[in-house]
Amino acid sequence: MTLPPRNSISSDSHAPRPSLDTVLPARCAIMTRVAAVVGLVGATISLYLAFGEEFAPLVAIGSGPFALLALVAVTMIIVAYVRHSRRLRAARRAADVASRAEIERLALVARRTTNAVVITDVNRRIVWVNEGFTRITGYTLDEVRGHAPGSMLQGPRTDPRAVARMRDALHRQEGCRVEIANYSKDGREYILDIEIQPLRDALGNVTGFMAIETDITESVRAREEVASTARRLNLVVAGADLGTWEWNLETNELLFNDRWSTMLGYSPFEIDRHLHSWQRLVHPDDRERVEGVLRDHLEGRTDFYRADIRFLRKDGTYVWVLDAGKVSERDASGRPLRMSGIHLDINDRQERRELERLNVLLADQNRRLEEMSDRAHRFVDDVSHEFRTPLTVIKEFNAIIAEGLGGPVSEQQSEWLRMVDVAATDLNQLVEDFLDSSKLRAGRLRVDRRACSPQVVLDGVSRRISRKAASRGISIRTSVDPGVPDFFGDEEKVRRIVMNLVTNAVKFSPDGGEVTVAVRRSGLGDVEFSVVDHGPGLMPGDRKLLFERFRQLPNALAPSVKGFGLGLNIAHQLVWLNLGAISVESEYGKGARFSFTVPTADSAIVVDRFFERLAEREEKPERVAMLRILPSRGGSTTEELRGLAVASTRAADIVLPSSDGTSLIAFGPCEDPEAWRCRLLDRLDRLGARDTGVRVEVLSAWDYPLESNMARASIAHEVSMEVAHAA
Amino acid sequence: MPHSVLIVDDEPGLAQVLAIRMKAAGFETRTADGGKTGLASVAAAPPDAVVLDVRMPDMDGFEVQARLRADPRLRDIPVVFVSANVQDSARHAALAAGAAAYLTKPYDAREVVNVVHAAIASRHSDPVCGCGTGACNAR
C-alpha cells in the first residue's frame, strides 16, 4: 500500500484536529477505499492500454469492405469508449469528492488530537508524526523522519520488557498496546500508553505501522501515589497491629481485616461479616455504654466514635480493645450510610490501669487502716484512762481502811482487804501492759533517758510489789553492788522492766519462796539488773518464744499460772529502747534468772550502744545527725525544754544536755538532717505553744552505714565533746 | 500553822481519797469539783499548793494552771498534776509549763502527799521568790 500523500488527504492544513483514536477504524476503512479507487484507476488505464495494443494489428491488417467495417466498428468503439470514459471520469470525480471530505476529516482528527500519532514504514522508520507528537516529545517531523522512534525516545527508566513486547508484536506484524516511559527532547520523562496497528495495502501486505500515543504520566503518577498511600497505610495498620473495619449501615454488613478477627482469637472466616458478630462479642457490661457512645456519634453529637471495650475471645477470656471510628458517608439528610474505623488491642494498657487503680485502692485502704489503727490506739488510751480512775479509788480507799484511818479493822478484815489490793494491782498491771504494748507497737512510746540511780528503781519496785508478794509469803530481796554507777536510761521505763520481771518471778514462785533482785556491773561495764526466782524454770526450746507478744508458754510445772503473755514482750522492747540487752538463764525445774543491761551514763558508751541498736534495725537510715536545740531567751529553762524535746523526738533519738548546760543535743538517725531539723522545730513549736522562739541547728551529720569502727569511735568522741559529762 | 492544799478533781472519790491522806499528813484541805470552782477557791484564799486533775469537763487542768501563771499573785503557787493520761507528751507539756510534778493514776496517795510536801518546801527555799521580802519563807 502506498501512503496517502499529504496533500491528497488535506486541503486545509490550518483546520482544527479532532481526536484521531476515536475515528481510527473509520480511518482505516477510508484508507482501504482510497487504495481501491487508486486500483480502479489503474485497472482502467490497463484496459485502455490493452485496447491500444489490439487496435494496432487490426488497423494494420484492415482494407476494402473490411476496412470500412472496421472503421465503423472502430468509430463505434471510440464513441463507446469516449462515453464510457466520460462516465468513468464522472464516477472518479464523485469518488474523489467523497473520499477527500472523509480524508480531510481524518487529517483534521490526526492533527488536532492531543495524542501523538506516529506513522512508520515497514522497517519502523518514522515517515510522519502529528503535532501532538511534537508537543509531547519536542521533536518536529523533520527531526524524526527516517529515525526509529525507540532510539530517540527511550531512556533509563524505559521498561525493557515493554520494549521487547512491542518489538515482538511488530515483528509478527501484529498490533499491540503497551505502557512505557519515554523521554522528551529536553530530557523530561513521561509515560505513554501506546497502541500500534500495522497498516496494510489492498492486498493485505503490511506497509508500515501507525502508533497512537497517549500521555498518561499524570494518571500513572496519581495511580502510583494511590498505591503508595495504600502501601504506607497497610504498613501503618500492620505496624500498629490494627484491626480495621467498615460498616455498611444500610445492610449492616461489617467488613474487617484479618487482624480484627485474630485479635479476638478467631480466624478471618470464623466470624460472620455482619454487625451482629460485633454486638455478640462485646462484654455485656460494656454494651450499654458503648452503644451510647456510638449513638452519640451516629446522631452527629460527637466528631468521633471512640470506646474501650472488652471483647469476648474465642477462648472465653476477654480482651480490652480500643474501638475508634468515624462515619465516612452520609446521605443528603445526614443519615449515616457508612462508617469505618480501627480496633487496637489495649489489654496491657488496661491491665496497667487496673494495677494503678488497685494501687490507689490499696493506698486508700492503707490510709484507712492507719486511721483505724489510730482510733484503736486512742481507744486503748481511753479505756486505760477510764480504768485508772476507779482503780485508784478502789486501791486508795482499800489502803485507807486497811490502815485504820476509818476506824479499827479486824485481822480477818485486814486479810480480805489485802486480797482486794492484790486483785486491784493485777488489774492495774494488765491495763498498763495493754497500754504499753499498744504504744510500743505504734512506736509512740517516748524515752526520756538521763542518768538514774539503780537504787531508786529498786525502791520503787519493792514498794509496788511487796504487798502482793507478801500475800503469798514470797519475800523480795534487793541488792545493789557497791560502786555501781548511775545508768543512762528512762527511769520509769526501767522500773517497768524490773517490775514486769519481778511480777513474772512472783507469779511462778512457789508460796513462801524468794525472789532476788540484784544490780551489778556487767562484764562489758554496763549496769546489769537481774531477777532470780526458784519457780519451775523454762523448758528447753522455750527461750526463743519467751519474749513474743501474747505468748504464754505452757508449763507443766505451773499449769495454774495465767496471763496475757505481754509482760516479757514489753520488758524486751523497753530494754531495747533503753539501749540495753535482755537475756535469760534457766534450768528446767530449778527456776530462772532474767537479766538485762543498760549503759552507764558515759556519752561515748551511749553513742556506741546507739550504733549497735541502729545495726539491728530493719530499716537503715541514710545518715546520722547531731542537732542543737536552744531555748528562747526568757522562755523555758533547759530542763523544761528537755521534756518538750523528748516528746518531740523519736524513741531512737537520744537527747542530752549540752556541755555548757545552755542547750540540748539531739542525736539520731535520719534521711536528711535539714528535714529532721525542720520537723523537730515544728513539733517543738506545737507542743511548746507557750514557748515560741526555740531554735534548732544542725551540728554534724554522717553517712550511714559508717565506714569503720574508727568512724564510730570518732563520732562518739565528737558527741561526747558536745554533751555534759555528768549526763 | 498547817499548809493548805486545794484538791481539784471532778471525780469525788479521788478528791476524797486525797483529802483524807492530806488531812492525815497534817494539811488543811479543801476540794473543788471542777476547774472553774477551783479557780474561784484559789482566788478567795490562795492555798500553799494545788493538786490538779487534768481532764475535767468544764475547764481542763492545763487551762487552770495557765490562768494561775498569768496572775502575778498566784503564779508561784506549786501545782501538782494528777492525771489518768500517761501520754509522755502530756507529762512533758505539763512540766514544760511549770508544773511541780505530774503523777499518773493510779497513784499511791502517800506519794502525792510526799510530792506536795516537797513542792511547798522547794518553793519556800526558792531564793528568787517573787515577793523579795522573805515573807514567803515565813509563811
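For A:VAL420, are the conditions met, namely being of a type outside the set (Phe, Trp, Tyr) and in contact (Cβ under 8 Å) with a residue 40 or more places away in the chain? In short, no. Here A:MET372 does not qualify as in a strand (DSSP E or B) and more than 14 Å from chain B (Cβ to nearest Cβ).
Considering (1) touching a His at 6+ places or on another chain (Cβ under 6 Å); (2) at pLDDT 90 or above, the lone condition that A:SER438 does not fulfil carries the number (2). Across the range A:145-154, the qualifying residues are those that are free of Cβ contacts under 8 Å to residues at least 24 places away in the same chain and surrounded by 15 or more Cβ atoms within 10 Å (Cβ to Cβ), and the one among them that is nearest to A:GLU189 (Cα to Cα) is A:MET152. Against the criterion of being free of Cβ contacts under 8 Å to residues at least 24 places away in the same chain and open to solvent by 10 Å² or more (accessible area, probe 1.4 Å), A:GLU618 qualifies. The set of residues in the range A:364-402 that are open to solvent by less than 60 Å² (accessible area, probe 1.4 Å) and aliphatic (A, V, I, L, M) comprises A:ALA376, A:VAL380, A:VAL383, A:LEU391, A:VAL393, A:ALA399, A:ILE400, A:ALA402. Residue pairs whose Cβ atoms lie under 8 Å apart, separated by 6 or more positions or on different chains, with the first residue in the range A:122-143 and closer than 25 Å to A:VAL206 by Cα and the second outside any loop (DSSP other than H, G, I, E, B) and open to solvent by 30 Å² or more (accessible area, probe 1.4 Å), are A:VAL122/A:THR207; A:ARG124/A:PRO149; A:ILE126/A:PRO149; A:VAL127/A:ASP121; A:TRP128/A:ARG6; A:LEU141/A:TRP128; A:LEU141/A:THR134. For the range A:434-441, the count of residues that are part of a helix (DSSP H, G or I), more than 9 Å from chain B (Cβ to nearest Cβ) and either open to solvent by 60 Å² or more (accessible area, probe 1.4 Å) or at positive phi (or both) is nonzero. Note on the range A:644-668: among residues that are within 13 Å of chain B (Cβ to nearest Cβ) and out of contact with any strand residue (DSSP E or B) (no Cβ under 7 Å at 6 or more places or on another chain), the one that is farthest from B:GLY98 (Cα to Cα) is A:ALA651. For the range A:188-221, the set of residues classified as among the small types (Gly, Ala, Ser) and outside any strand (DSSP E or B) consists of A:ALA202, A:GLY204, A:SER219, listed by residue number. Listed by first and then second residue, the pairs with beta-carbon distance under 8 Å, at least 6 apart or on different chains, first residue in the range A:395-408 and at the interface with another protein chain (Cβ under 7 Å from one of its Cβ atoms), second of a type in the set (Val, Ile, Thr), are A:LYS395/A:THR425; A:GLU396/B:VAL17; A:PHE397/B:VAL17; A:ILE400/B:VAL17; A:ILE400/B:ILE20; A:LEU405/B:ILE20.
Among the residues of the range A:482-490, is any in a loop (DSSP other than H, G, I, E, B), within 14 Å of another protein chain (Cβ to nearest Cβ), touching a residue at least 60 places away in the same chain (Cβ under 8 Å) and closer than 29 Å to A:ALA601 by Cβ? The answer is yes; a qualifying residue exists. If we scan the range A:155-175, do we find a residue that is touching a residue at least 60 places away in the same chain (Cβ under 8 Å) and open to solvent by 60 Å² or more (accessible area, probe 1.4 Å)? Checking the range A:155-175: not a single residue is touching a residue at least 60 places away in the same chain (Cβ under 8 Å) and open to solvent by 60 Å² or more (accessible area, probe 1.4 Å).
Taking the criterion of being modelled with pLDDT under 85 and of a type in the set (Lys, Arg), the only residue of the range B:49-89 that qualifies is B:ARG55. What residue, among those in the range B:34-66 that are within 14 Å of another protein chain (Cβ to nearest Cβ) and open to solvent by 20 Å² or more (accessible area, probe 1.4 Å), is farthest from B:SER122 (Cα to Cα)? That would be B:PRO57. The criterion of being in contact (Cβ under 8 Å) with a residue 24 or more places away in the chain, part of a helix (DSSP H, G or I), open to solvent by less than 10 Å² (accessible area, probe 1.4 Å) and in contact with a Ser or Thr (Cβ under 6 Å, 6 or more places away or on another chain) does not hold for A:LEU501. The residues of the range A:445-463 that are surrounded by 15 or more Cβ atoms within 10 Å (Cβ to Cβ), within 11 Å of chain B (Cβ to nearest Cβ) and not hydrophobic (A, V, I, L, M, F, W, C), listed by number, are A:ARG446, A:ASP448, A:GLY460. I need the full set of residues from the range A:90-110 which are of a type outside the set (Gly, Ala, Ser) and open to solvent by less than 20 Å² (accessible area, probe 1.4 Å), in order please. Residues satisfying the conditions are A:ILE103, A:LEU106, A:VAL109. Can you pull out every residue in the range A:406-416 that is open to solvent by less than 80 Å² (accessible area, probe 1.4 Å) and either within 60 Å of the chain's Cα centre (by Cα) or of a type in the set (A, V, I, L, M, F, W, C) (or both)? The answer is A:VAL409, and nothing else.
Considered as a group, the residues in the range A:417-441 that are within 14 Å of A:LEU574 (Cα to Cα) and of a type in the set (Gly, Ala, Ser) include one that is farthest from the chain's Cα centre (by Cα), and that residue is A:SER437. The number of residues in the range A:299-313 being over 26 Å from the mean Cα position of the chain (by Cα) and open to solvent by 60 Å² or more (accessible area, probe 1.4 Å) comes to 3. Flag set for A:SER340, criterion: surrounded by fewer than 18 Cβ atoms within 10 Å (Cβ to Cβ), out of contact with any helix residue (DSSP H, G or I) (no Cβ under 6 Å at 6 or more places or on another chain), of a type in the set (S, T, N, Q) and touching a residue at least 40 places away in the same chain (Cβ under 8 Å). Reported count of residues in the range B:1-33, each being more than 14 Å from every other protein chain (Cβ to nearest Cβ), within 12 Å of the chain's Cα centre (by Cα) and of a type in the set (A, V, I, L, M, F, W, C), is 4.
Look at (1) open to solvent by 60 Å² or more (accessible area, probe 1.4 Å); (2) hydroxyl-bearing (Ser, Thr, Tyr); (3) over 30 Å from A:MET263 (Cα atoms) and you find that A:SER328 fails only one, number (3). For the condition more than 11 Å from every other protein chain (Cβ to nearest Cβ), part of a helix (DSSP H, G or I) and not acidic (Asp, Glu), what is the one hit in A:SER384, A:SER414? Of the residues listed, the single one that is more than 11 Å from every other protein chain (Cβ to nearest Cβ), part of a helix (DSSP H, G or I) and not acidic (Asp, Glu) is A:SER414. Residues that are open to solvent by less than 30 Å² (accessible area, probe 1.4 Å) and more than 10 Å from chain A (Cβ to nearest Cβ) within the range B:100-126 comprise B:ALA101, B:LEU103, B:VAL113, B:VAL116, B:ALA119, B:ILE120, B:HIS124, listed in sequence order.
The values are calculated or read from the model by the stated rules, or taken from the named source; none is laboratory data. Owing to the predicted nature of the structure, the values given are computational and were not obtained by experimental measurement. Heads up, the Cβs are rebuilt from the backbone with ideal geometry, glycines too, and the neighbour counts pull from every protein chain shown. Heavy atoms of the whole protein, side chains included, go into the accessibility calculation; ligands, DNA and RNA do not. Shrake-Rupley method; radii C 1.70, N 1.55, O 1.52, S 1.80 Å.
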